[in-house]
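For reference, the structure discussed in these notes is given below.
The values are calculated or read from the model by the stated rules, or taken from the named source; none is laboratory data. Please read all numbers here as calculations on a predicted model, not as lab measurements. Positions of Cβ are generated from backbone atoms using ideal geometry, with glycine treated the same way; all protein chains shown enter the neighbour counts.
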């Protein structure tokens, strides 16, 4: 499953639904969760190491220096590839 996180609201995200074989994509306002030392991000990374963040969204928000280094920064083409690899998809917004 591909979990797409588009919100910074921690209360809307249930990391218990994420498994080791799942992938998580942070984009739009969800990139705010990807900041270093974020407790929710740490829980998600304990569930799966397949965590990605969209480059253009972190650049647009000026967050490049603050992104947790355990995340893989990808471009929109790679996002499209993720959507073909993981099914079904769940959007957390």
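Data overview
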read-out: Subset of the stretch 71-93 (residues that are within 11 Å of the chain's Cα centre (by Cα) and under 18 Å from residue 18 (Cα atoms)); value: 71, 72, 91, 92
read-out: Unique residue being more than 16 Å from residue 79 (Cβ to Cβ), in contact (Cβ under 8 Å) with a residue 40 or more places away in the chain and surrounded by fewer than 20 Cβ atoms within 10 Å (Cβ to Cβ) when the list is 12, 40, 45, 35; value: 12
read-out: Residues (over 17 Å from residue 88 (Cα atoms) and surrounded by fewer than 18 Cβ atoms within 10 Å (Cβ to Cβ)) located in the stretch 48-66; value: 49, 56, 59, 60, 61, 62, 63, 64, 65, 66
read-out: Pairs where the first residue, in the stretch 67-78, is farther than 13 Å from residue 34 by Cα and the second is surrounded by fewer than 15 Cβ atoms within 10 Å (Cβ to Cβ) and modelled with pLDDT of 95 or more, C-beta under 6 Å, 6+ apart; value: none
read-out: Matching residues in the stretch 40-70 - criterion: being part of a loop (DSSP other than H, G, I, E, B) and either more than 13 Å from the chain's Cα centre (by Cα) or closer than 16 Å to residue 29 by Cα (or both); value: 61, 62, 63, 68
read-out: Subset of the stretch 18-27 that is surrounded by fewer than 22 Cβ atoms within 10 Å (Cβ to Cβ) and in contact (Cβ under 8 Å) with a residue 40 or more places away in the chain - its residue that is nearest to residue 74 (Cα to Cα); value: 27
